[in-house]
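Accompanying notes for the structure given below.
The values are calculated or read from the model by the stated rules, or taken from the named source; none is laboratory data. Keep in mind the model is a prediction, meaning the values are calculated, not measured. Neighbour counts are summed over all protein chains in view; Cβ atoms, including those assigned to glycine, are modelled from backbone coordinates with ideal geometry.
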Amino acid sequence: MESDKNGKQPEKKPKLTRDGLKKALRLYSYVLPYKWHFIIGMILLSAGSLIFLGIMKIPGEILNIISGEASLGLTLGRLFFFLVILLVI
């Protein structure tokens, strides 16, 4: 086998086998009684991540408006309004 720059052997990737798949599916059998809690939790996690991304995007766009390089075509007042709405959520 060839070694990389550091002289280490590349790691072998584990192969997907039927037994491995059965073990992975067995894990979901423990989650099955809490299926709706799990689904709602994943939806809330996704929503929280999107809100966080929005909170980080809006101040950057506010600075772009101030410097005259706005890309979204929104006014400063409207962006502050969106920021307040995201912070309230």
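In this structure, is Phe52 in contact with a helix residue (DSSP H, G or I) (Cβ under 7 Å, 6 or more places away or on another chain), assigned to a helix (DSSP H, G or I), without any contact (Cβ under 8 Å) to a residue 24 or more places away in the chain and not acidic (Asp, Glu)? Step through it out loud before you land on a result.
Details: in contact with a helix residue (DSSP H, G or I) (Cβ under 7 Å, 6 or more places away or on another chain): no; assigned to a helix (DSSP H, G or I): yes; without any contact (Cβ under 8 Å) to a residue 24 or more places away in the chain: yes; not acidic (Asp, Glu): yes.
No, not satisfied.
Within the stretch 58-89, the set of residues being within 18 Å of Gly48 (Cα to Cα) and part of a helix (DSSP H, G or I) comprises Ile58, Pro59, Phe82, Leu83, Val84, Ile85, Leu86, Leu87, Val88.
Residue-level analysis places Gly41 among those that are assigned to a helix (DSSP H, G or I), within 15 Å of the chain's Cα centre (by Cα) and not hydrophobic (A, V, I, L, M, F, W, C).
Every residue in the stretch 55-69 that is of a type outside the set (A, V, I, L, M, F, W, C) and touching a residue at least 12 places away in the same chain (Cβ under 8 Å), please.
Answer for the stretch 55-69, where residues must be of a type outside the set (A, V, I, L, M, F, W, C) and touching a residue at least 12 places away in the same chain (Cβ under 8 Å): Pro59, Glu61.
Number of residues in the stretch 2-17 that are at pLDDT 75 or above and among the charged types (D, E, K, R) equals 4. Can you tell me which of Leu72, Leu27 is within 26 Å of the chain's Cα centre (by Cα) and surrounded by 10 or more Cβ atoms within 10 Å (Cβ to Cβ)? It is Leu72.
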